[in-house]
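The structure appears right after this line, and notes come after that.
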Amino acid sequence: MKYTYTIQLFAGLSERFGQAYLQLAAESPELMASELKALLAQQYPEHASAIAVSFLAANQAYAADHDAVSHEEELALLPPVSGGEDTELADVIVNEADGPYRISSLPLAPQQTEALVIVPEHGAALSFIGTTREWTAGQRTVLLEYEAYVPMALKSMRQIGDEIGERWPGARCAIAHRIGSVPVGEISVVISVSAPHRDACYEASRYAIERLKQIVPIWKKEIWEDGSEWKGHQQGPWNPLTGQE
């Protein structure tokens with residue numbers, strides 16, 4: 001008997017394969033994540049290198065190589081996330097929110113995110129605002145395109161907030177990220193943090209920014225005057241299962 005695994009694709013992977021998902025037939029109803037990736041590489045040898053650097057997600061959580069995944073689970077193959085290949089975003093307004101965590105195709109208002117963390121018992125609040133930069137290493141960017149695995153991205157944002165609460169007791173965090181087209185000078189992400197004292201607030205804000213780049217499945221495509229490129233993790237091998245120290 002054969003079991004069919006359906007694997008969603010995002011960003012540069014969906015462009016490489018020319019489709020939004022792959023289907024794989026296997027003799028077992030359950031495989032280790034590394035086995036599933038190896039079978040995909042055998043089936044699509046021309047894309048083996050891209051598959052090798054991508055992570056498998058099962059039910060909107062990253063799966064380690066030794067983790068077992070089932071053909072019945074919601075599976076996705078995720079290329080390195082933007083930490084810095086064309087994708088078409090649906091022509092609809094996306095405004096998904098999970099408490100203080102939000103993903104939207106509409107312009108972001110920093111004050112809305114800040115208002116979620118400012119409370120009377122906290123004496124410090126800090127917001128990081130990321131915008132589209134025009135020039136990078138002598139190359140002119142005309143537009144950024146962002147794509148997200150929305151339900152998993154919201155889960156990952158909530159994970160960051162939980163981690164901050166554990167590391168800096170009492171600290172609060174709210175994150176809003178835009179998807180779709182973000183022109184030069186417009187806001188792509190707002191991360192607001194508050195804490196009783198400023199030292200913890202500074203530390204928690206930096207932590208939130210770095211973790212977002214590491215684990216949240218949002219991808220960035222830089223569009224220049226003469227071409228475009230998906231930008232993934234640029235600080236060595238991408239491993240979203242590695243925690244911050």
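The values are calculated or read from the model by the stated rules, or taken from the named source; none is laboratory data. This one's a predicted model, so the numbers in the text were calculated from it and none came from an experiment. Ideal geometry is used to build each Cβ from the backbone, glycine not excepted, and the neighbour counts take in all protein chains shown. Heads up: the accessible areas ignore ligands, DNA and RNA and are worked out on the full protein's heavy atoms, side chains in. Shrake-Rupley method; radii C 1.70, N 1.55, O 1.52, S 1.80 Å.
Taking one quarter of the surface of the C-alpha convex hull of segment 140-233 gives a mean projected area of 6.4 nm².
If you roll a 1.4 angstrom probe over the protein chains with everything in place, what fraction of the accessible area of the chain belongs to carbon and sulfur, to the nearest %? Summing carbon and sulfur atoms, their accessible area is 49 percent of the total for the chain. Would you mind getting the Kirkwood hydrodynamic radius of segment 1-158 from its Cα pairs, rounded to one decimal in Å? For segment 1-158, the Kirkwood estimate is 18.2 Å. Think of a 1.4 Å ball rolled over the protein heavy atoms: segment 133-195 then has 38 Å² of accessible area per residue. Note on Glu74/Asp199: beta-carbon distance plugged into 1/(1 + (r/R0)^6) with R0 of 51 Å gives a FRET efficiency of 0.80. Each peptide in 119-126, 2-9 gets a packing score, the mean of other Cβ atoms within 10 Å over its residues, and the list from highest to lowest is 2-9, 119-126. Each label was represented as a point 7 Å from its Cα along the Cα-to-Cβ direction; for Asp162 and Arg206 these points are 2.6 nm apart.
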